[in-house]
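Each remark here refers to the structure printed beneath this line.
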Amino acid sequence: MNPSPNPDPSLLWNRRELLQATGLGLLGLAMGEVPGVSSALAAEAGKAPAAPALAPLNRFSRMVQEQYVGRVRRLDQSFRAKRMEMKNLEDAQRYVLSVRQKIQTCFGPWPEKTPLNARTTKTIERDAYTIENVIFESRPGFLVTANLYIPKGKQFPLPGIVGSCGHSTNGKAAEAYQSFAQGLARQGYVVLIFDPIGQGERFQYTNEQLKSPVGAGVQEHLLGGNQQFLVGEFFGSWRAWDGIRALDYLLTRKEVNPQIVGITGNSGGGTMTTWLCGLESRWTMAAPACFVTTFRRNLENELPADTEQCPPKALALGLDHEDFIAAMAPRPVILLAKERDFFDVRGTEEAYGRLQRLYDLLGYPNNIAMFTGPTYHGYSQENREEMYKFFNAMTQVSTAEKEPALEIEKDEALWCTPNGQVAELKSRTMFSFTKEISEKLRKERAPLDGNALRQALTNVLKVRRQSTYPDYRILRPLGNRKYPTKHAITYVVETEPGIQTLVTRLTDEPLYSRPPKDKKRAVLYISHHSADAELREEPLIKEIIGAEKDAAIYACDVRGIGESQPDTCGANSFLTPYGSDYFYAIHAIMLDDSYVAQKTWDILRTIDWLRGTGHEGVHLVAKGWGTIPATFAAIIADEVNQVTFKNALTSFADLAETEIYKWPLSCMVPGVLKSFDLPDCYRMLSGKKLKMIETWNGKGEVVA
């Protein structure tokens with residue numbers, strides 16, 4: 001076999017490491033002085049290295065993170081001060097009522113309760129308990145799989161517990177979750193533990209082998225949950241509704257005392273336990289594990305969270321994790337934490353301290369507790385035992401201090417379905433509901449245009465124009481970036497405190513100062529991922545330069561894109577489903593905002609800046625992700641008189657009705673399909689000479 005003329009760079013790197021280890025270095029290789037190295041290899045190493053590819057510029061990578069941290073800290077301080085205004089029992093009671101109302105604002109409205117249509121598909125007999133494998137419908141045709149543990153040799157009715165699973169692929173069958181269910185059952189509790197959506201037997205996306213092609217747990221939650229925002233739904237509400245209906249089923253059982261019902265869960269199950277404390281009034285005790293901290297700590301620590309862990313408007317309303325516990329006060333709750341958890345235990349202690357004060361004012365100081373296990377994230381034995389002791393102290397069911405002996409079942413034994421997935425029973429999927437809602441909204445929406453569309457835009461985006469011109473910085477010119485023109489200079493335009501757009505002007509003359517007022521018309525290109533990279537690689541830009549001889553050409557990165565692409569949430573995470581782009585999009589929703597609205601604002605303020613520098617008309621050009629905020633800005637800004645989009649999205653409805661879609665949450669506007677859709681905007685922009693090139697559908701495929 002002939003050697004490759006372009007050897008694998010990794011092989012060359014290994015050779016270099018070998019040379020460094022021998023102390024001879026690259027010079028020795030070039031001189032052919034290393035024993036066993038051929039002259040051909042020596043010649044290869046002696047060649048002048050090829051010029052490295054230019055890495056995209058990213059000089060403001062912490063900008064978005066620090067602006068969000070500042071914003072959340074200010075809210076946190078404000079609402080913390082309000083909490084400290086509580087002085088007596090009446091204040092505390094008013095506070096509990098207020099957080100209950102706020103929580104309903106985040107999660108509601110709720111669907112009607114429909115028949116559970118519950119059935120037991122299998123029964124397993126064990127020495128101290130029976131396991132019934134149960135299927136019920138939390139919504140019509142939407143199947144929930146659960147295991148009901150019923151103690152033997154006890155006098156019924158007994159206290160009931162709903163178990164909420166964390167992000168285990170096998171859901172209720174995971175060892176930690178079997179363990180607490182068995183442990184409680186052996187002590188005298190009736191326990192119903194159910195599979196979360198996208199886990200266990202409830203994969204929402206299945207192939208012929210009944211496996212999830214997108215990835216169980218987090219991946220399914222994000223794919224299905226993000227899409228729901230377009231139609232005004234929240235995945236956390238869907239998850240919580242399953243928990244509410246699980247309690248409904250548990251209370252149908254004659255073995256259960258309806259006056260004593262609790263809930264516990266760990267990690268993602270700790271999330272749902274926490275949310276359900278604030279959403280369901282029938283609980284008499286709770287034990288959330290490995291979740292409760294503070295939203296601020298999670299943000300500061302760059303810890304991404306699933307869609308269901310980020311309630312819409314929660315931050316704007318001043319809600320924090322402990323407020324969901326406060327909504328249940330003064331009923332008994334223990335917070336279970338871990339010293340080595342990624343959920344910051346400092347936040348757990350802060351939450352516990354505030355709850356202690358509330359419970360003191362309510363007159364039940366002993367009903368709130370906290371335990372911190374010494375190990376890593378998980379519902380480990382020491383935390384389970386603290387849960388048992390806490391529940392037992394409230395119910396007097398048992399005096400056990402340690403966990404009983406357990407017998408972990410194989411997954412198949414706990415299956416409620418023949419082969420381990422509700423898909424084979426033709427269960428409806430969450431996507432089928434999202435698509436149905438989108439289709440219904442499309443039929444109900446009246447086409448919008450003119451002032452009606454502008455009003456809908458401003459209502460949904462909460463964006464208002466300003467009459468002032470933004471301040472800006474002038475960055476020193478860089479070396480040759482291989483742009484289509486000889487020179488370029490970047491201006492940093494402040495769109496709001498702590499946030500800037502990076503605007504590069506292309507020119508054949510060197511510039512070092514403010515933009516010259518030599519051309520009335522401006523072309524403003526809004527990048528897809530990086531203006532710096534696209535100025536080198538995107539053919540559309542060269543075409544625009546050739547066609548716009550009498551215009552000043554600018555390329556812009558809005559916040560979170562290109563020069564301000566966040567470097568948070570893990571290395572190279574930006575384009576991953578759980579990465580930094582998602583992180584700020586979901587936090588925007590908790591702030592009762594949207595990332596699209598923020599980026600639209602950036603474009604509008606950049607247009608203000610162009611107007612302030614003497615430009616009167618703007619040709620707005622955008623690609624891919626950039627077309628979404630550019631569409632809205634083009635409608636709002638009268639200065640825009642021409643629009644060119646490449647790879648624009650066909651419609652938000654297309655995105656909501658595509659099962660496996662390719663657009664990120666950062667391109668979605670919560671609730672948008674209740675008011676308007678992109679085709680409304682495109683029709684209106686036809687009056688501004690809109691040109692659409694290679695439009696993308698929900699899958700990211702080019703369509704006519």
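The values are calculated or read from the model by the stated rules, or taken from the named source; none is laboratory data. Here the structure is a predicted model, which is why all the values come from computation and not from measurement. When we count neighbours, we look across all protein chains shown, and the Cβ atoms used for this are built from the backbone with ideal geometry, even at glycine.
Being at pLDDT below 95, surrounded by 15 or more Cβ atoms within 10 Å (Cβ to Cβ) and over 30 Å from GLU657 (Cβ atoms) is a property that ALA400 has.
Does any residue of the stretch 607-618 turn out to be crowded, with 24+ Cβ neighbours inside 10 Å, of a type in the set (Asp, Glu), in the same structural domain as ILE545 (by TED's automatic domain parsing) and in contact with a Lys or Arg (Cβ under 8 Å, 6 or more places away or on another chain)? Taking every residue of the stretch 607-618 in turn, none turns out to be crowded, with 24+ Cβ neighbours inside 10 Å, of a type in the set (Asp, Glu), in the same structural domain as ILE545 (by TED's automatic domain parsing) and in contact with a Lys or Arg (Cβ under 8 Å, 6 or more places away or on another chain).
Would you confirm whether any residue within the stretch 150-159 is assigned by TED's automatic domain parsing to the domain that holds ARG428 and closer than 20 Å to TRP241 by Cα? Looking through the stretch 150-159, none of the residues is assigned by TED's automatic domain parsing to the domain that holds ARG428 and closer than 20 Å to TRP241 by Cα.
Scanning the stretch 110-123 for residues that are free of Cβ contacts under 8 Å to residues at least 60 places away in the same chain and either among the aliphatic types (A, V, I, L, M) or under 16 Å from ASP195 (Cα atoms) (or both) turns up ARG119, THR120. May I ask you to list the residues in the stretch 676-704 that are part of a loop (DSSP other than H, G, I, E, B) and buried (at least 19 other Cβ atoms within 10 Å of the Cβ)? Correct list: PHE676, ASP677, LEU690, GLY698. The residues of the stretch 200-241 that are of a type in the set (D, E, K, R) and within 18 Å of the chain's Cα centre (by Cα), listed by number, are GLU220, GLU233, ARG239.
For every residue, the table says whether it meets (1) crowded, with 23+ Cβ neighbours inside 10 Å; (2) out of contact with any strand residue (DSSP E or B) (no Cβ under 9 Å at 6 or more places or on another chain); (3) modelled with pLDDT under 95; (4) at positive phi.
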| site | (1), (2), (3), (4) |
| --- | --- |
| TYR189 | yes, no, no, no |
| ILE193 | yes, no, no, no |
| GLY200 | yes, no, no, yes |
| THR206 | no, yes, no, no |
| LYS211 | no, yes, no, no |
| LEU223 | no, yes, no, no |
| GLN227 | yes, yes, no, no |
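Whenever a residue of the stretch 71-99 is surrounded by 11 or more Cβ atoms within 10 Å (Cβ to Cβ), its partners that are acidic (Asp, Glu) and modelled with pLDDT of 95 or more, lying with C-beta atoms within less than 6 angstrom and at least six residues away or across chains, give the pairs VAL99/ASP323.
THR105 - would you say it is hydroxyl-bearing (Ser, Thr, Tyr), modelled with pLDDT of 95 or more and closer than 30 Å to LYS82 by Cβ? Here the answer is yes, as THR105 does meet what is asked. Applying the set (1) exposed (fewer than 12 other Cβ atoms within 10 Å of the Cβ); (2) without any contact (Cβ under 8 Å) to a residue 24 or more places away in the chain; (3) in the same structural domain as ILE260 (by TED's automatic domain parsing) to LYS389 leaves exactly one unmet item: (1). Name the residue that is surrounded by the most Cβ atoms within 10 Å (Cβ to Cβ), counting only residues in the stretch 538-567 that are among the acidic types (Asp, Glu) and touching a residue at least 12 places away in the same chain (Cβ under 8 Å). Once the filter is applied, the top-ranked residue is ASP557. Here VAL463 does not fit the description of being β-branched (Val, Ile, Thr) and modelled with pLDDT of 95 or more.
To keep it simple, each residue is scored yes or no on (1) of a type in the set (D, E, K, R); (2) touching a strand residue (DSSP E or B) at 6+ places or on another chain (Cβ under 8 Å); (3) surrounded by 16 or more Cβ atoms within 10 Å (Cβ to Cβ); (4) not assigned by TED's automatic domain parsing to the domain that holds CYS681.
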| position | (1), (2), (3), (4) |
| --- | --- |
| VAL460 | no, no, yes, no |
| ASN480 | no, no, no, no |
| GLU496 | yes, no, no, no |
| GLN500 | no, yes, yes, no |
| LEU506 | no, yes, yes, no |
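Residues of the stretch 329-354 that are under 25 Å from ILE197 (Cα atoms) and among the hydrophobic types (A, V, I, L, M, F, W, C): LEU335, LEU336, ALA337, PHE342, PHE343. Counting only residues that are in contact (Cβ under 8 Å) with a residue 24 or more places away in the chain and over 17 Å from PHE180 (Cβ atoms), the stretch 394-409 holds 0 of them. Inside the stretch 124-176, residues that are in contact with a Cys (Cβ under 6 Å, 6 or more places away or on another chain) and free of Cβ contacts under 8 Å to residues at least 60 places away in the same chain make up a count of 1. Once the stretch 568-603 is narrowed to residues that are surrounded by fewer than 24 Cβ atoms within 10 Å (Cβ to Cβ) and of a type in the set (D, E, K, R), the residue that is farthest from SER666 (Cα to Cα) is ASP592.
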